[in-house]
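First comes the structure, then the notes that go with it.
The values are calculated or read from the model by the stated rules, or taken from the named source; none is laboratory data. Since this is a predicted model, take the numbers as computed values, not measurements. Virtual Cβ from ideal backbone geometry, glycine too; neighbours counted across all protein chains shown. The protein model used for the area step is the full one, side chains on, heavy atoms only, and it has no ligands, DNA or RNA in it. Shrake-Rupley method; radii C 1.70, N 1.55, O 1.52, S 1.80 Å.
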Amino acid sequence: QVQLVESGGGLVQAGGSLRLSCSASGSPVSINVMGWYRQAPGEQRELVATITTGGVTNYADSVKGRFTISRVNARNTVYLQMNSLKHEDTAVYYCNARNAYYNSWGQGTQVTVSS
């Protein structure tokens, strides 16, 4: 397993921006996919964005054009730049890292967007 530590959540007004960071440690094996998921109260956890080691990205339709995922492989760190935030983006955001051997989750960071 790999340990994931997230940071960067908080309270922001609608239309504002936040940047989430997630650093992975403890794995001698390369992490294939890193990404972000979110879970709003009463809802299921959903994909936000993922990025592979090679830089291939995948976004949920609801965040395309507003969020950008990036990654520094040498540091096992993934970022999520969130712009033009909406009230409906309010959720706990979870970092995820996986390869053929494990599928690890961070503890989550709260993002609250006031309307």
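Under the condition of being open to solvent by 60 Å² or more (accessible area, probe 1.4 Å) and polar (S, T, N, Q), which residue from the range 63-80 is nearest to VAL12 (Cα to Cα)? Full working, then the answer.
Step one: of the range 63-80, the residues open to solvent by 60 Å² or more (accessible area, probe 1.4 Å) are 64-65, 68, 73-75.
Then drop every residue that is not polar (S, T, N, Q), which leaves 68, 73.
Details: THR68: 17, ASN73: 29 Å.
Restricting to residues being open to solvent by 60 Å² or more (accessible area, probe 1.4 Å) and polar (S, T, N, Q), the top hit is THR68.
Does the range 33-46 include one or more residues that are in contact with a strand residue (DSSP E or B) (Cβ under 7 Å, 6 or more places away or on another chain), among the aliphatic types (A, V, I, L, M), farther than 22 Å from TYR102 by Cα and at pLDDT 95 or above?
Kept after step one, since they are in contact with a strand residue (DSSP E or B) (Cβ under 7 Å, 6 or more places away or on another chain), are these residues of the range 33-46: 33-40, 45-46.
With among the aliphatic types (A, V, I, L, M) added as a condition, the list becomes 33-34, 40.
Next cut, farther than 22 Å from TYR102 by Cα only: 40.
Subset that is at pLDDT 95 or above: 40.
Checked against the condition, which is being in contact with a strand residue (DSSP E or B) (Cβ under 7 Å, 6 or more places away or on another chain), among the aliphatic types (A, V, I, L, M), farther than 22 Å from TYR102 by Cα and at pLDDT 95 or above, the range 33-46 yields at least one hit.
Identify, please: which residue in the range 81-102 is open to solvent by 10 Å² or more (accessible area, probe 1.4 Å) and among the polar types (S, T, N, Q) and is, among those, farthest from SER21 (Cα to Cα)? Steps first, answer last, please.
Applying the first criterion (open to solvent by 10 Å² or more (accessible area, probe 1.4 Å)) to the range 81-102 yields 81, 83-84, 86-88, 90, 92, 94, 98-102.
Within this subset, residues satisfying the condition of being among the polar types (S, T, N, Q) are 81, 83-84, 90, 99.
Values: GLN81: 9, ASN83: 15, SER84: 18, THR90: 17, ASN99: 20 Å.
Out of the qualifying residues, it is ASN99.
Could you check, for the range 6-19, whether at least one of its residues is open to solvent by 20 Å² or more (accessible area, probe 1.4 Å), at pLDDT 95 or above and closer than 12 Å to SER70 by Cα?
Yes.
Would you call THR109 in contact with a Gly (Cβ under 7 Å, 6 or more places away or on another chain) and hydroxyl-bearing (Ser, Thr, Tyr)? Before you say what the answer is, go through the steps one by one.
Values: in contact with a Gly (Cβ under 7 Å, 6 or more places away or on another chain): yes; hydroxyl-bearing (Ser, Thr, Tyr): yes.
Considered against the rule, which asks whether it is in contact with a Gly (Cβ under 7 Å, 6 or more places away or on another chain) and hydroxyl-bearing (Ser, Thr, Tyr), THR109 comes out as yes.
With a cut-off of at least 1 residues that are hydrophobic (A, V, I, L, M, F, W, C) and farther than 18 Å from GLN3 by Cβ, name the strands (runs of 3 or more DSSP E) lying wholly within the range 16-115.
Working: elements: 18-25, 33-39, 46-52, 57-59, 67-72, 77-82, 91-98, 103-105, 109-114.
Because the criterion is at least 1 residues that are hydrophobic (A, V, I, L, M, F, W, C) and farther than 18 Å from GLN3 by Cβ, the strands (runs of 3 or more DSSP E) in the range 16-115 that meet it are 18-25, 46-52, 67-72, 77-82, 91-98, 109-114.
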